[in-house]
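Asks: Supplied in structure tokens, the structure appears directly below.
The values are calculated or read from the model by the stated rules, or taken from the named source; none is laboratory data. The structure displayed is predicted, hence computed values, not measured ones. Methodologically, a virtual Cβ is constructed for each residue, glycine included, from the backbone with ideal geometry; neighbour enumeration extends over all protein chains shown. When the accessible area is computed, the model is the full protein with side chains, heavy atoms only, and any ligands, DNA or RNA have been set aside. Shrake-Rupley method; radii C 1.70, N 1.55, O 1.52, S 1.80 Å.
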Amino acid sequence: MMRVKTPPVVWRSRNHRYKLVGSKCKACGEVRFPPVHFCSCGGEVEEVELPRAGRLVSYSIVYAADEESRERSPVIMGLIDLGVTRVVAEIVDASPEEVHSGMQVEAVFRRIGEDGETGVIAYGIKFRPAVG
Amino acid sequence: MPKPEALTGIHGWGAYVPRARISMVDIARQWGWSDHQWKALGMIEKAVAAYDEDATTMGLEAAQNAVRRAGIKGEEVGAVFFGSESKPYAVKPSATIIAEALGITPVTMASDLEFACRAASEGMRASIGLIASGMLKYTLVVGSDTAQASPGDVLEFTASSGAAAFVLGRAEGAAAVFEGSYTYVTDTPDFWRREGAPYPSHGEGFTGEPAYFKHIMEAVKGLLSELGLRPSDFSHAIFHQPNGKFPVRVGEMLGFRQEQLKVGLVTPQIGNTYNASALIGFARVLDYAKPGERVLLAPFGSGAGSDAYSIVITDAIEGKKGLAPTVDHYIRAKRAISYSQYVKMRRMLVK
């Protein structure tokens, strides 16, 4: 997993993590999150804000989480279809029994990592079940 | 010359309440309290922030809702005031994180304010001056707390998590316009948290008469006298809500009727959200208010002080109500948790 909790990484990634900003290829139109600097087709990319509502395609439940994640375990990682692209993110505010493929989810701003008790806090996007 | 308040209004409002709820029965069972003890607090259940939530994440969701209702661009906001007593960083502003996420940076004022539960309200009063003077077009005021309570303390029944936010700007086009404001503060040691202490301490019964009741009553009486208004001139009144009982009692003492307090009283369902306590109640009143209605708002913070505001609803409110989730949406979207889940979520497990 990418290190999310050093000051340079927190600072450099704040735009896409805080606002759910991805990249869109100006040549082929492919949308990616996290954003990339160049598209796999070789085209240039531009930043685009992604839709905040989507559908849970699939998920995995991590019961034996690492030490850092243990207090919020079981951790649910989801593959979310936002229409323009798919993103991998944690699913929150739901127990394993409440999660199912096809459920509608919405983006929320949460802590995504913290450097121990005294280090920097990394914030970013997770998803929760949508409530109508 | 008109009062500065009359030049200033509320363009957007928003709230956030976490989904997890713990019932008073579960907390009482944990500590062996009998029913009559916790029932005296006038509470049913309280909202609990998830492990990965803090005052900043909750404040941002409330602010997103407020900006959506205001219908403005981030760069139009000239100041972000973040009121909290549960800042994720002791040193490093939450206001800049919220400003960054909303596209308000970099040309803006931004600061975190501290005055127990009324810090955000201080931001509201300061905003009135900044806007009425013509210095700023819009400001964003956020009140947010993951209220701490020492396990087993009576505070544990009420201290909860939630946020409220407001976009303030010129009176023209606002959903509600200020009519007057009044602040009353003294040095009163009713409730505090020392540097480095994880939980606040309080003066038990001392938090009532000389603190909560004295300051709110003086602020409200001062405002009414300045504006020549009586309690019967208001459709709604919202007071700081440390529990379900105090706001009802202070309302009665000031001469307000139960019906005037009903819409803005949210603590019995969600708990005391500290900086957001009276402000979520106010947000709910705005969700329901009709043009022409007059609203009294009186937040309170320990240490101690209270602000009283008179606010008149305009025709513009109807077009804004549906632009973001209501307070009731968040109150209804809930999941029951046990006391042990609560301990885990609020990082109180000793390892």
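Asks: Near residue B:222, within a Cβ-to-Cβ distance under 13 Å, what is the net charge of the other residues, with Lys and Arg +1 and Asp and Glu -1?
Replies: Value of the local net charge: -1.
Asks: In addition: Got a sec? What order do B:311, B:44 fall in by accessible area at 1.4 Å, biggest, i.e. largest, first?
Replies: Ranked list, largest accessible area first: B:44, B:311.
Asks: Okay, moving on. If you fit an axis through the alpha-carbon atoms of helix B:277-288 and take the longest principal axis of the Cα set of chain B, what angle between them do you get, 0 to 90°, nearest 10?
Replies: Result, in degrees: 60.
Asks: Specify the residue with the greatest mean-square fluctuation among B:265, B:102, B:296, computed from a Gaussian network of chain B linking alpha-carbon atoms under 10 Å apart.
Replies: Residue with maximal mean-square fluctuation among B:265, B:102, B:296: B:102.
Asks: Just grab the label-to-label distance for residue A:46 and residue B:226, each label 7 Å out from Cα along the Cβ direction, in nm (one decimal).
Replies: Inter-label distance under the simple model: 5.0 nm.
Asks: Report, in debye and to the nearest 20, how large the dipole of the protein assembly as shown comes out about its Cα centre when Lys and Arg carry +1 and Asp and Glu carry -1 on their Cβ.
Replies: Around 640 debye, computed over the protein assembly as shown.
Asks: Right, here's the next one. Cα convex hull of the stretch B:258-323: mean projected area in nm², to one decimal?
Replies: 5.1
Asks: May I ask you to evaluate 6.51 cos²θ - 1.76 cosθ + 1.60, the Karplus curve with θ = phi - 60°, for each residue of the stretch A:30-40 and list the ³J(HN,Hα) values in order in whole Hz, giving x for glycine and proline?
Replies: Values per residue, Gly and Pro as x: 5, 9, 10, 9, x, x, 10, 7, 9, 6, 5 Hz.
Asks: For the stretch A:50-121, with only Lys/Arg (+1) and Asp/Glu (-1) charged at the beta-carbon, what is the dipole magnitude about the Cα centre, in debye rounded to 20?
Replies: Dipole magnitude for the stretch A:50-121 comes out near 420 debye.
Asks: Counting only C-alpha contacts under 8 Å and six or more residues apart, can you give the relative contact order of chain A as a whole percent?
Replies: 24
Asks: Which value results for Rg/Rh of chain A when Rg is the Cα radius of gyration and Rh the Kirkwood radius based on the inverse mean 1/r?
Replies: 0.98
Asks: Which ³J(HN,Hα) values in Hz, rounded to whole numbers, follow from the phi angles of the stretch B:204-220 under the Karplus curve 6.51 cos²θ - 1.76 cosθ + 1.60, where θ = phi - 60° and Gly and Pro get x?
Replies: Per-residue couplings from phi come out as 6, x, 5, 6, x, 4, x, 10, 4, 5, 4, 6, 5, 5, 5, 5, 5 Hz.
Asks: Another question about this same structure. Give me the orientation-averaged projected area of the Cα convex hull of chain B, in nm², one decimal.
Replies: 16.3
Asks: With unit charges on the beta carbon (Lys/Arg positive, Asp/Glu negative), name the residue among A:105, B:70, B:120 whose Cα is farthest towards the positive pole of the charge dipole of the protein assembly as shown.
Replies: A:105
Asks: Can you list which of the trypsin sites (Lys or Arg not before Pro) found in the stretch B:1-62 are DSSP loop residues with at most 14 other C-beta atoms within 10 Å?
Replies: Answer by residue number: there is no such site.
Asks: Now for a different question. Tell me, what HN-Hα J-couplings in whole Hz come from the Karplus equation 6.51 cos²θ - 1.76 cosθ + 1.60 at θ = phi - 60° for each residue of the stretch B:300-309, using x for Gly and Pro?
Replies: Couplings: 9, x, 5, x, 8, x, 9, 10, 10, 10 Hz.
Asks: Something else: Could you pull out the GluC sites (Glu not before Pro) across the stretch A:45-132 that fall in loop regions by DSSP (anything but H, G, I, E, B) with no more than 12 other Cβ atoms inside 10 Å?
Replies: Listed in order of number, the matching sites are A:117.
Asks: Between beta-carbons, use under 12 Å as the cut-off and find the net charge around residue B:324, counting Lys and Arg +1, Asp and Glu -1.
Replies: Net charge around residue B:324: +2.
Asks: Among B:180, A:59, B:38, which residue has its Cα positioned farthest towards the positive end of the charge dipole of the protein assembly as shown, with +1 placed on the Cβ of Lys and Arg, -1 on the Cβ of Asp and Glu, and the dipole taken about the Cα centre?
Replies: Towards the positive end, the residue furthest out is A:59.
Asks: Mean separation of Cα pairs under 8 Å and 6+ residues apart, divided by the residue count of the stretch B:108-244: what relative contact order is that in percent?
Replies: This gives 18 percent for the stretch B:108-244.
Asks: Then there's this: Note down the net charge around residue B:155, summing +1 for each Lys or Arg and -1 for each Asp or Glu among other residues with Cβ under 12 Å from its Cβ.
Replies: After counting each charged neighbour, the total is -1.
Asks: So, with +1 on the Cβ of K and R and -1 on the Cβ of D and E, and no other charges, what is the size of the charge dipole of the stretch B:176-317 about its Cα centre, to the nearest 20 debye?
Replies: Taking the Cα centre of the stretch B:176-317 as origin, the dipole is about 300 debye.
Asks: Here's a follow-up. Which chymotrypsin sites (Phe, Trp or Tyr not before Pro) in the stretch B:60-152 sit in a loop by DSSP (not H, G, I, E or B) and have at most 16 other Cβ atoms within 10 Å of their own Cβ?
Replies: The qualifying sites are B:89.
Asks: Right, next: Once Lys and Arg get +1 and Asp and Glu get -1 on their Cβ, which of B:264, B:254, B:84 lies farthest toward the positive end of the dipole of chain B?
Replies: It is B:264, whose Cα lies furthest towards the positive end.
Asks: For residue A:113, which sequence-distant residues (separation of 5 or more, or a different chain) have an amide H within less than 5 Å of its own amide H, given hydrogens modelled in the peptide plane?
Replies: Close amide H contacts, sequence-distant or interchain: A:122.
Asks: In deg cm²/dmol, rounded to 500, what helix-only [θ] at 222 nm does the protein assembly as shown give when every DSSP H run of at least 4 residues adds -39500 (n - 2.57) and the total is split over its residues?
Replies: The helix contribution divided over the protein assembly as shown gives -7000 deg cm²/dmol.
Asks: What would the Debye equation give as log₁₀ I(q)/I(0) for the stretch B:176-317 at q = 0.14, 0.15, 0.21 Å⁻¹, counting only Cα atoms as equal point scatterers?
Replies: One equal scatterer on each Cα of the stretch B:176-317 leads to -0.61, -0.70, -1.30.
Asks: In percent, how large is the relative contact order of chain B, given Cα pairs closer than 8 Å and 6 or more residues apart?
Replies: 26 percent.
Asks: Which percent of Cα-Cα pairs in the protein assembly as shown sits in each 10 Å bin, short to long?
Replies: 4, 20, 31, 26, 14, 5, 1, 0
Asks: What residue among B:201, B:94, B:34 shows peak mean-square fluctuation when chain B is described by a Gaussian network model with Cα springs under 10 Å?
Replies: Taking springs between Cα atoms under 10 Å, the residue moving most is B:34.
Asks: A follow-up question, please. Under a GNM of chain B (C-alpha, springs under 10 Å), which listed residue has the highest mean-square fluctuation: B:301, B:196, B:129?
Replies: Between B:301, B:196, B:129, it is B:196 that shows the largest mean-square fluctuation.
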